[in-house]
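The values are calculated or read from the model by the stated rules, or taken from the named source; none is laboratory data. This structure is a prediction, so every number in the text was calculated from the model and none was measured. Quick reminder, even Gly has a Cβ in these numbers, built from the backbone with ideal geometry, and neighbours come from all protein chains shown. Side chains included, ligands, DNA and RNA excluded: accessible areas come from the protein's heavy atoms. Shrake-Rupley method; radii C 1.70, N 1.55, O 1.52, S 1.80 Å.
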Amino acid sequence: MMRKRTLVVQRTGWGKSLVYFISAKMLRKKKRGMTMVVSPLLVLMDNQKEMAEKMNLKCDVLNSTVKDRRAEIIESMKNDELDVIFVTPETLFASDIQSSLHRFKIGLFVIDEAHCISDWGHDFRLEYGKLGRIISDMPANVSVLAVTATANDRVVNDLCTQLGDDVYVSRGKLTRESLHIQILKLDSKAKRYAWLLENLSKLPGTGIIYCLTRRDCEDLSAFLNHNGINTMPYYSGNDETINTEAIEKFHDNRIKAIIATVKLGMGYDKGDIAFVIHYQTPANIVSYYQQIGRAGRNLSDAYAFLMSGGNDDERINNFFIETAFPTRGESRSIYNVISSGEGVKLTEIEASLNIRHTRVMKALDFLENDGFIFKEGSAYYASAKRFVYDSKHYQEITRIRKQEMKQMNELIHTNECYSKFIVNCLDDDEENDCGRCSNCLRHYVYPDLTLKSSSLIIAETWINSRVLEILPRKLWPDRKKIDYVNMNGICLSKYGDSGYGEMVREGKYETGRFSDELVERAAEVLMPLVNQKRVRAITFVPSLRSDIVSDFASRLASRMHITLYDALGKLPAEPQKDMENSAYQCENARQSFYVKIKRLPAKVILVDDIVDSKWTLTVCGYKLMEAGCIEVYPFTLADSSEV
């Protein structure tokens, strides 16, 4: 290799992996040591390992899936027995790897998906941000290669700074000549479901449908499977056995589509992906380019459909942007708790501060990454480094991300060539129209956008017929067992969704009364429970501010011909919605609610309007059972938990 630091920015499908596989072969012939590839995603690592083995490279992976072989793999690395090792950044910074790093003979250090290093990139990751430390400590004779398909000028400049002096940049054209891009103006969940129901089977081959949230992956997959279109969901947090099965079936074309979050957004190489559909609009063009780049690698024609319209996409993307960084208050408060003690555990932090669990974890990640705190075992300690909150930097990144979201909206409404618009946004000065997108052709590339009323009815019926399960909490915030646990409950809708979810919003905040239609639907959903479990009573979560829930529960009890019990009382307290984490939510509920009658039914349905943390239902159910109830079945009209 001509230089010690090289950055390759080339389009998806260009063959960036081949660069370091061929380099690995050359280095091994010269006895220069193994190639270490830092890769962000497990599926990407497996994919690359398969490719490397086809080139007769001896390779292995180091990640969370090989715990039983970890010591054996590390020993192979020490003995210089591997040509290529694929490692996640989390594993690379584990203590056993860091302590052994000086014993590994590394000829080439590769950072795949290198845009993740830069916090100006679309997919910055804290664990990736630490790689600069590894690079700076690399011996002079170790070559460093960073590769990505998604880096604009700002990110390229940042990467060059992090890679060190005298970086050679290989940057090519980004246009994907096989892609036919089309924007679908569909402003509701039902319309998007209906379009997929009508058209997915008509599309050639197999493909990926991208969703912004895990729930949408599950819901959409269930709808399509129910209607005879074989799909599987794939997302972070899903059962890895299911994820593995989904990838295997997709790889072998045994399902029509895999329905995924961005977990499948980088690097995955399957040459015959015939289409990529975005069920929702991504937050930025860089992500969009990365994801549509999965399609058409070995095909002359592939299709990219982007669904847009309505406010939900913008709401979800804004949520992710606004919550990307911890606030000054969160960071300072958490740092103060840690610095005031000698080894502070997570449960102690949350008991001290009214901050949501996900926000606490994010702040801890940033504080640890910036060197203000460190973790030993299960406890956090303050370091000697003085805490400083970099608000200017975070605000600038947030501003850029909102600008990128605006740019994505401009793509949706442009009359220009979609392909040219996209690569121009990535600082590729392509001047020619692609001649393949729907704007260039002035008609739909495939298929017609017209929706049959029958498909729309099927979609709307499905959405409105779905109910969510409320799984009971079994542990208190201090991890102690809850002695009286609710039965599995039922939630009628996702708050704000079309249909019942929208009716709940209107009733709560516009009319001040839940509609008779919601009463009818609730009775329909609950009657099987009433009959099978012989439940003959309803009670409700009381409020000092409104009688909307008690009114609904009264009408529901009358409709189902069962007894209404005004069993629970409430003392003045802060609104539960202002309590941010489990410790505060639970304690607020415990101090607020009490049982006010002596004679209680053995089995009761506990009604509330909206569920989020489940602590109100958990505490009310506990107190009812403590006072004599045997079984408590929670029921709510909507779930408002985070996307």
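The share of alpha-carbon pairs in the range 483-541 lying farther apart than 18 Å comes to 44%. Packing here is the average count of other Cβ atoms within 10 Å per residue, and on that basis the peptides 587-596, 215-224, highest first, run 215-224, 587-596. What is the chain's relative contact order, in percent, from Cα pairs under 8 angstrom and six or more apart in sequence? Taking the mean separation of contacting Cα pairs over the length of the chain, I get 11 percent. Computed from the alpha carbon atoms alone, the convex hull of the chain holds 173 Å³ per residue. Placing dummy labels 7 Å off each Cα toward the beta-carbon, the span from residue 105 to residue 414 is 5.1 nm. Sequentially through the range 496-509, phi angles give Karplus couplings (6.51, -1.76, 1.60; θ = phi - 60°) of x, 4, 4, x, 5, x, 6, 4, 5, 4, 5, x, 6, 10 Hz, Gly and Pro residues having no value and appearing as x. Accessible surface of the chain, 1.4 Å probe: 47 percent of it comes from carbon and sulfur atoms. Would you please classify the overall shape of the range 24-84 from the alpha carbon gyration tensor, given that a ≥ b ≥ c denote the square roots of the eigenvalues, rounded means a/c under 1.5, and beyond that prolate means a/b larger than b/c while oblate covers the rest? Cα axes put the range 24-84 in the oblate bin. Each label was represented as a point 7 Å from its Cα along the Cα-to-Cβ direction; for residue 457 and residue 328 these points are 5.9 nm apart. Size estimate for the range 266-420 follows the Kirkwood approach: the inverse of mean 1/r over distinct Cα pairs works out to 18.6 Å.
Beta-bridge orientation, the chain: approximately 15 percent antiparallel, per DSSP, counting only bridges with both partners inside.
The value of relative contact order for the range 256-350, using C-alpha pairs under 8 Å at least six residues apart, is 25 percent.
Legend: residue pairs 481/614; 16/263; 16/185; 49/263; 105/249; 185/494, Cα-Cα distance threshold 27 Å; pairs beyond threshold, 16/185; 105/249.
A straight chain from residue 345 to residue 630 at 0.36 nm per residue would run longer than the Cα-Cα distance by 99.0 nm. Simple rule: put +1 on each Lys or Arg Cβ and -1 on each Asp or Glu Cβ in the chain, find the dipole, and look at 115, 186, 340; the Cα lying farthest toward the positive end is 340.
Computed over neighbours whose Cβ is under 9 Å from that of residue 77, the net charge equals -1, Lys and Arg +1, Asp and Glu -1.
Rank by packing, highest mean first: peptides 421-433, 600-612, with packing defined as the count of other Cβ atoms within 10 Å averaged across residues.
Highest mean packing first, the order is 600-612, 421-433.
Can you classify the range 368-465 as rounded, prolate or oblate using the Cα gyration tensor, where a ≥ b ≥ c are the square roots of its eigenvalues, rounded means a/c under 1.5, and otherwise it's prolate if a/b beats b/c and oblate if not? In terms of gyration-tensor shape, oblate. For the peptides 110-119, 436-445, 389-398, the ranking by packing is 110-119, 436-445, 389-398, with the highest mean count of neighbouring Cβ atoms within 10 Å listed first.
Put simply, the range 533-619 fits an ellipsoid with semi-axes of 24, 13, 12 Å; these come from the alpha carbon gyration tensor as the roots of five times its eigenvalues, largest first.
Computed over protein heavy atoms with a 1.4 Å probe, the accessible surface of the range 576-628 works out to 43 Å² per residue. Each part gets one Cα centre, and for the range 1-61 versus the range 401-462 those centres are 34 Å apart.
Could I have the simple spin-label model distance between residue 241 and residue 314, label points 7 Å from Cα toward Cβ, reported in nm to one decimal? The two pseudo-label positions are separated by 4.4 nm.
Computed extension gain for residue 168 through residue 478, at 0.36 nm per residue and net of the alpha carbon distance, reaches 106.3 nm. Taking a ≥ b ≥ c as the square roots of the Cα gyration tensor eigenvalues, the range 117-246 comes out prolate, since a/c reaches at least 1.5 and a/b is larger than b/c. In plain terms, the chain from residue 471 to residue 563 could stretch by 30.6 nm, reckoned as 0.36 nm per residue minus the Cα-Cα distance.
All other residues whose Cβ lies under 12 angstrom from that of residue 625 are scored, Lys and Arg at +1 and Asp and Glu at -1, for a net of -1. In the range 123-180, the convex hull through the Cα atoms has an average projected area of 5.4 nm², a quarter of its surface area. Taking a straight Cα-Cα cut-off under 13 Å and skipping sequence neighbours fewer than 8 places away in the same chain, the aspartates and glutamates within cross-link reach of residue 596 are 566, 626. The distance linking the range 559-604 with the range 231-308 is 44 Å (Cα centroid to Cα centroid, whole angstrom).
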